[in-house]
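Taking it in order: structure first as structure tokens, then the write-up.
Bear in mind these aren't lab numbers, they're just calculated from the coordinates by the rules spelled out. The structure displayed is predicted, hence computed values, not measured ones. Cβ: placed from backbone, ideal geometry, glycine included. Neighbour counts: every protein chain shown.
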Amino acid sequence: MNRRKGFTLIELMISSSIMMILVSIGVPALKDFLIELRVDNEISTLCRLLFITRNAAINENKTVTLCPLNNQNVCVNQWNDTLSVFVDANNNKIYEPTSGERIITVKQSIFEGDILQYGNTRNGLTYAATGHLSGWGQNATFKYCPKDNSEKSRGIIVSVSGRIYTSSDDNAAQRDKNRSGIAITCN
């Protein structure tokens, strides 16, 4: 009795067909899951960055700014780039280490092709030593929009008091909205 163990060609073809069907169903769902995971990770990281900025202002009793810095250490409206949190002693949105200002933390740029906006034209966010936003007109919404998936956009609303609120999904439209019920979209 010489029995061979293994699969027949028919069994192998049926197993392969079933596996291909399962993979073709699962791959699109996995892609959506990975995009949502990336957006959630960026929103969470940005929330932590805002908490660090506000807490540093309160703890150090100084103004602290969060912004993207250009090569001349000036805050610019390029929120997709590296973001810096620094003590901004003279509240001018320019990082000046010669004036005793220092970098507290840095966040690397976002995923290529995605969009991060803060308001439409804002180049920085500064907290006063009280924990409130320093200056009029700094309150706005951070909007994170993944490339080619605008329906998965999320946001962080920053109020004048310095508190932050994340956007929420009402499950009816399957889109995140701000506190006024307006869908999060990037320009």
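Report the one residue of Gly6, Gly181, Ala29 whose Cα lies farthest in the direction of the positive end of the charge dipole of the chain (charges on C-beta: Lys and Arg +1, Asp and Glu -1; origin at the Cα centre).
Gly6
For the chain, what does the relative contact order come out to in percent, with C-alpha contacts under 8 Å and a separation of six or more?
After rounding, I find 17 percent.
Can you give the Rg and Dmax of the stretch 134-187 based on its C-alpha atoms, in angstrom?
For the stretch 134-187, the Cα-based Rg and Dmax read 11.8, 37 Å.
Just add up the charged neighbours of Ser109: K/R +1, D/E -1, any other residue whose Cβ is under 12 Å from the Cβ of Ser109.
Taking every Cβ under 12 Å from that of Ser109, the sum is -3.
Looking at the stretch 109-160, which chymotrypsin sites (Phe, Trp or Tyr not before Pro) are DSSP coil and have at most 12 other C-beta atoms within 10 Å of their C-beta?
Here the chymotrypsin sites (Phe, Trp or Tyr not before Pro) that fit, given the DSSP loop and packing criteria, are Trp136.
I'm spelling it out carefully: the read-out is mean projected area of the Cα convex hull in nm², the candidates are (i) 15.2; (ii) 11.5; (iii) 17.3, and one was derived from this structure. Which label?
(iii)
Only loop residues by DSSP count here, and only those with at most 13 other Cβ atoms within 10 Å; note down the trypsin sites (Lys or Arg not before Pro) in the stretch 17-108 that meet that.
Listed in order of number, the matching sites are Arg102.
Just to confirm the number: angle between the C-alpha axis of helix 9-60 and the first principal axis of the chain, 0 to 90 degrees, nearest 10?
It is inclined by approximately 10 degrees.
According to a simple spin-label model (label point 7 Å from Cα along Cα-to-Cβ), what is the distance in nm between Lys5 and Trp136?
Going from the Trp136 label point to the Lys5 one covers 8.3 nm.
Using amide H atoms built 1.01 Å from N in the peptide plane, name the residues 5+ places from Thr166, or on other chains, whose amide H lies under 5 Å from its own.
The list, which skips near neighbours in sequence, is Ile157.
For the pair Asn77/Cys186, report the inter-label distance in nm, with labels modelled 7 Å from Cα in the Cβ direction.
It is 1.6 nm.
So which GluC sites (Glu not before Pro) in the stretch 17-114 pass both tests, a DSSP loop state and at most 13 other Cβ atoms within 10 Å of the Cβ?
Filter output for the stretch 17-114: Glu112.
Residues with amide H under 5 Å of Ala140's amide H, sequence separation 5 or more or different chain, H placed in the peptide plane at 1.01 Å from N; which?
Val158
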